[in-house]
Each structure stands twice: as structure tokens, then as C-alpha cells.
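The values are calculated or read from the model by the stated rules, or taken from the named source; none is laboratory data. Since the structure is predicted, the reported quantities are computational estimates derived from the model, not experimental observations. Every residue, glycine among them, receives a Cβ derived from its backbone with ideal geometry; neighbour counts consider all protein chains shown. When the accessible area is computed, the model is the full protein with side chains, heavy atoms only, and any ligands, DNA or RNA have been set aside. Shrake-Rupley method; radii C 1.70, N 1.55, O 1.52, S 1.80 Å.
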Amino acid sequence: MKILKLVLIILIISCNSKQDDKNSYYLGQKIPSDIPQIFGAGIVSVDGRFDMGFTISPNMKTIAFGVAHESNIEETCIYLTKYIEGKWTAPDKSFLPNNVNTFFPMFGPHGNEFYFAKSSNKSDTDLWMAKYQNDQILNPQLLDSIFNSEAREAGHGKSKNGSFYFTSNRDDQHQCCGDIYRAKPLSKGYIEVEKVKELNSDSDEESLFLSPLGDYIIIQAWKSEFKSKHDLYLSYQTKNGIWTKPERLNNKINSKEIEQRPFVSPDNKFLFFSRTNTTKVDGHDSYESDIYWVSTKSIFKPYPFNTEIEFKIKYNEPFQLNLPNDLFKDVDDSKLIYNVSLNDNSKLPQWIKFDSTTLSINGIWKSKKPLIIKVTATDSARNTGLLLLTLEEKNN
């Protein structure tokens, strides 16, 4: 009898392990490397259809995606599929009432909210939110007027602390171009909306993905410095709340076509985005968009997080510069390897020592001129971030 119970326990564990296989949460698709691959061919990405916008619930058991040009070239809608008892349901668009001219699906960070955009007669595009409970969409509502205007509101994302980012064309001086705005909850329950200057440019910022922790954001933008069309850019938030300058993702992700609607899986392992391809059909341009996914291993890298460093230096006297433990941060890797050199990559002078264990730079200062020190941090995927420190005689 004990042997029989043991066999049953092993069978149950095996079944549960199979059902909880993380690969199953991605429609059983083959995991991509650093080269983007079409996701869910024939299910999410359908040949000849315009598929754009993608989101996964935090528990990874619900997928929603946008579709356009399916039966009417002027209409869009959102499909939803659920992972139930080890299988994905057929994509369904009846889950959302009046599911016409809807797009930009995005689950809230806790999984109980479902955000989307919808065209209406009153304005170009507005932002909506519905409750998502027991696998059901409940009571879709237009967001407050502080979010929506008579212009176009589109890309949107919410962090766990309640900060809400979205794109809008409400700036009267730049109606052709969207900018990124932030709605920040205040202690009295009011919300103020401000333009996020570090993330905006003279170009068009049209959609975004905000990480649940609010530590990074991926932006779709049409930058004038590149010959390509809309590309994806990554920015990190530092300890003092400032966003780093958005950096264009690599050329494997950004092509000569339009990359848009970014989304990162809840486990931070994969970036999803839409890519629009243009072909000639009977002498006319024909547009098709598919959902792509790619590993984030080569995307996220260490970045300067806490750069508030105090130190004293006096000529011909001992000094010690203690770097903060959170000098760099990496959103998907906590173990970083540090190295210090001069700005030209040459070795430090013999009178300067770097201790990688304590992250301290010390010695007896022998220079009457400033020295530029380069601090690099490397993660397990060999992505590197750097910070330049100017060291000079200081008595404060």
C-alpha cells in the first residue's frame, strides 16, 4: 500500500509539473534567442492580418492582443485567450462589450485591471479601464478627464505604486506628435499630470511599456536621427526618480520597418512587440503586422542607479572613495562584476587601488590634475554599463 501511495504521489507531482511548465504559458512556442521570432503563428499572428498590441496577465494565464483590418479595414478589436487546465482557449473577442475600434490592451500590475484604448466620436482615442475578476471583464469605464482630452491618448502603463504613464497629442503646439505624460497619485487622493521631459523629444512618442516596478520603460518613438521608422527605446529610472536618456534597442529588434507596441513578459525574460512589414501587391503598398518576441538577455544591462558619492581628496594625503552598493542596478541580474580603469581604458596609477569586494577606491593622491575614472559593471550575460567619475582635489 505504501508503494502504491508513493507511485500516486509521483504521478501527481509529474502532472502538476507538466501543467506548471512555464513554456506552456507562451502557447507552447519555441523559446527565442536574441533574434526576434513571430509569436503564435496562426493563433496570435495570422498571415495577412494586421496584429498589433500584446499583453499577458501577471499570473501568465491570460493573453490579450489587438487586431486590425480583419473584416473592415477601418475597424480594430481585441482578442483574449486563457490558459485553463493545461490548454489555451480559442481567441475570443466577445469578452469585451462593444469590442469595436479598441486596441492597446494592457493588464494592470496586479492583474485585476484591464486597460485599453478606444476610438469614439468625442475624441480621436481615449483610455479605458475595466475590472478583471474571475476571468471576466467587468464594467468598462472611460478614465477620468485628467487622462483623456480631445486629442489622441494611446500608449499606457501602470506601476505597482500607482504611477500611470501614457502618451497624448494634447500639446497644441505639436499636434502631429505624441508625448509621454505621467499621472502621479498624491497623498490627498488627487492626481496631477505632468509631461516627462526626460522621455520626450521633438519626435513622435506613440506607445510605451512601463515595468510593474516602475524601474524601466520601453518607448516607441520616431527619432529624426535614424533613417528607420518607429523604433523601440529603453530608459531606466535612477534612485532619485530621474529617467536615463532613452537608448535605442539593437538592430536585431529595430529594423527599417515600424516596431511598436512593446510589452515585457511578467518574468522579465521576453520582449514582445509588433512589426509592420510593407510589400507590393498589384503595384500598391500592402501592410501586414505580426507580433514578435525576443529574449531580453541582450536588452537589459547594468545602469548607473545611485550616483550620489561624497569624497575628500587632498594632494599627497591618503584618500578613500566608497562607492555605494547600489551604484549600478540591473533589472534581471543581481550579481554584477565591477572593474575600474582610467577613461582611456588604461590601468589605474600604482598609487590608486580598487577593492571590488568593498567597492572602494583608495590610495595616496599624487596628481595635481583631475583624473577621469571609468567604473564598469558587467552582468552574467556580459552586458556592460559604465559610469565616469572625475576625481580631483577636494577638501569638503
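Normalised by the number of residues in region 347-396, the average gap of Cα pairs under 8 Å and 6 or more apart makes the relative contact order 27 percent. Per residue, the accessible area of the chain comes to 54 Å², computed with a 1.4 Å probe over protein heavy atoms only. Exposed loop positions in the chain were taken to be chymotrypsin sites (Phe, Trp or Tyr not before Pro) whose DSSP state is not H, G, I, E or B and which have at most 15 other beta-carbon atoms within 10 angstrom. Between these positions, the longest stretch is 1-189.
In percent, rounded to a whole number, the relative contact order of the chain is 11, using alpha-carbon pairs under 8 Å and six or more apart. For region 231-385, the C-alpha radius of gyration sits at 1.44 times the compact-globule guess of 2.2 N^0.38 Å, with N the residue count. Over the chain, dividing the summed -39,500 (n - 2.57) contributions of all DSSP H runs of at least 4 residues by the number of residues returns a 222 nm mean residue ellipticity of -1500 deg cm²/dmol. Here, region 305-396 is characterised by an Rg to Rh ratio of 0.97, where Rg is the alpha-carbon radius of gyration and Rh the Kirkwood radius. To put it simply, the accessible area of region 251-396 at a 1.4 Å probe is 46 percent carbon and sulfur. With a cut-off of at most 13 other beta carbons within 10 Å, and DSSP calling the residue loop, which trypsin sites (Lys or Arg not before Pro) in region 207-265 qualify? Please list them. Filter output for region 207-265: Lys227, Lys252, Lys256. In this label model, Asn240 and Lys93 are separated by 4.9 nm, measuring between points 7 Å along each Cα→Cβ vector.
On the basis of the beta-carbon distance and an R0 of 25 Å, Thr278 and Met60 show a calculated FRET efficiency of 0.15.
Residues whose amide H falls under 5 Å from that of Lys312, counting only those 5 or more places apart or on a different chain, are Gln320, with hydrogens built in the peptide plane. For Glu393 and Glu113, a Förster radius of 56 Å and the Cβ-Cβ distance give a FRET efficiency of 0.55, rounded to the nearest 0.05. In this view, the solvent-accessible surface of Ile191, computed with a 1.4 Å probe and all protein chains in place, comes to about 70 Å². Percent of C-alpha pairs per 20 Å bin in the chain, short distances first: 24, 48, 23, 5, 0. For Lys329, the lysines whose Cα falls under 16 Å of its own Cα, not counting residues fewer than eight places away in the same chain, are Lys239, Lys245, Lys297, Lys301. For region 105-136, the list of trypsin sites (Lys or Arg not before Pro) that fall in a loop by DSSP and count at most 16 other C-beta atoms within 10 angstrom reads Lys122. Which of the aspartates and glutamates could be linked to Lys269 by a straight reach, that is with a Cα gap under 14 Å, when you skip same-chain ones fewer than 8 residues away? Excluding near neighbours in sequence, the set is Asp34, Asp330, Asp332, Asp333.
Can you spot the aspartates and glutamates whose alpha carbon is less than 20 Å from Lys314's alpha carbon? Ignore those fewer than 8 places along the same chain. Output for Lys314: Glu392, Glu393.
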